[in-house]
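What follows draws every value from the coordinates through simple rules; no lab data is involved. Bear in mind the structure is a predicted one, so any value in this text is a computation, not a measurement. When we count neighbours, we look across all protein chains shown, and the Cβ atoms used for this are built from the backbone with ideal geometry, even at glycine.
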Amino acid sequence: MKAIDTAGLLIIDKDGGLTSHDVVARCRKLLKTKKIGHAGTLDPMATGVLVLGVERATKMLGLLALTTKAYSATIRLGESTSTDDAEGEVLSTVDASSVTDAEIADQVAQLTGDISQVPASVSAIKVDGKRAHALIRAGEEVILESRPVTVSKFDVLARRDTDTFVDLDVDVECSSGTYVRALARDLGAALGVGGHLTALRRTRVGPFDIANARTLDDLALDPTVSLDIDAAAQIAFPHRQIDADEAESLSQGRWLEPIGIDGIYVAIDPDGRAIALLTERGKRAASVMVVRPANMR
């Protein structure tokens with residue numbers, strides 16, 4: 001069996017308490033290959049969709065259009081923490097019981113749309129070449145600059161009052177680079193009571209939905225990719241049908257005539273196989289990744 005035959009994407013429903021690296025290590029053992037990588041990370045506390053590439057599909061990860069993400073989360077008002085989530089040290093506790101639904105709705109609206117957000121300090125963002133979370137854990141002070149993000153949906157589904165705290169169940173849809181922890185922090189700060197995230201579940205990454213994700217236990221019973229490399233390419237990118245001669249040219253590293261498709265797209269041969277990912281510049285539609293080089297066809 002050729003390596004291309006086992007290549008594809010794994011859509012994993014990550015359990016809480018595991019790092020993304022833990023998941024990759026487990027999948028490498030289950031699929032008996034070292035060639036597995038992930039597209040973006042999930043915090044250990046978080047659960048839900050984690051997209052992994054297997055074998056040659058690892059080269060596809062950086063090209064996937066995973067620009068939109070969806071989450072279900074719980075925000076606790078009345079308590080702020082050092083990490084903006086439940087894993088951090090409690091910094092302050094304030095009685096939030098008097099906060100009204102109308103006040104919450106008003107501030108949620110202010111955090112919806114195109115906004116400027118300061119990322120959570122305990123994040124993977126690099127500062128002077130080092131991860132912010134590593135600097136924080138080393139006792140250094142980290143000040144991150146705000147960045148533009150888009151929160152296309154921020155809906156409060158339910159409110160629960162517990163003693164002096166207010167817990168909000170929310171659904172969030174946002175652009176890549178948005179921190180839901182930071183939304184919890186900023187909502188609490190705007191209401192004057194502090195806030196942090198107590199639960200986070202990623203339900204969608206780009207076109208990959210939680211309904212199609214498998215747990216590690218599921219994977220152990222059936223250690224195969226969720227989508228082979230052809231299905232993955234066709235789900236993730238626009239298509240261009242090509243003939244056998246064009247497929248041969250692309251597999252040899254040559255280029256095609258452009259046909260006016262914006263962005264990265266996949267060239268599909270008459271047998272339904274993904275041959276290359278292309279992008280058009282000037283008079284060429286050139287490969288950004290040859291999915292099936294001539295020696296793999």
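What the table shows:
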read-out	value
Packing-based exposure ordering (other Cβ within 10 Å, fewest first) of Arg28, Arg201	Arg28, Arg201
222 nm mean residue ellipticity, helices alone, for the chain (DSSP H n ≥ 4; -39,500 (n - 2.57); rounded to 500)	-5500 deg cm²/dmol
Neighbourhood net charge (12 Å Cβ-Cβ; Lys/Arg +1, Asp/Glu -1) for Arg185	-2
Long-range lysine pairs (8 or more apart or interchain), the chain, Cα under 21 Å	15
Residue-count net charge about Leu168 - beta-carbon cut-off 9 Å; Lys, Arg +1, Asp, Glu -1	+1
Fewest-first ranking of Lys32, Lys14, using other Cβ atoms within 10 Å as the exposure measure	Lys32, Lys14
Coordinate range along principal axes, alpha carbons of the range 219-297, Å, largest first	49, 26, 19
For Leu197, net neighbour charge (Lys/Arg +1, Asp/Glu -1) across residues whose Cβ lies under 13 Å away	-3
Tensor-based shape of the range 1-47 (alpha-carbon gyration tensor, a/c under 1.5 rounded, otherwise prolate or oblate)	prolate
Mean separation of Cα contacts under 8 Å (6+ apart) over length of the chain, as relative contact order %	22
Residues Glu79, Glu103, Glu145, sorted so that the one with the fewest Cβ neighbours within 10 Å comes first	Glu145, Glu103, Glu79
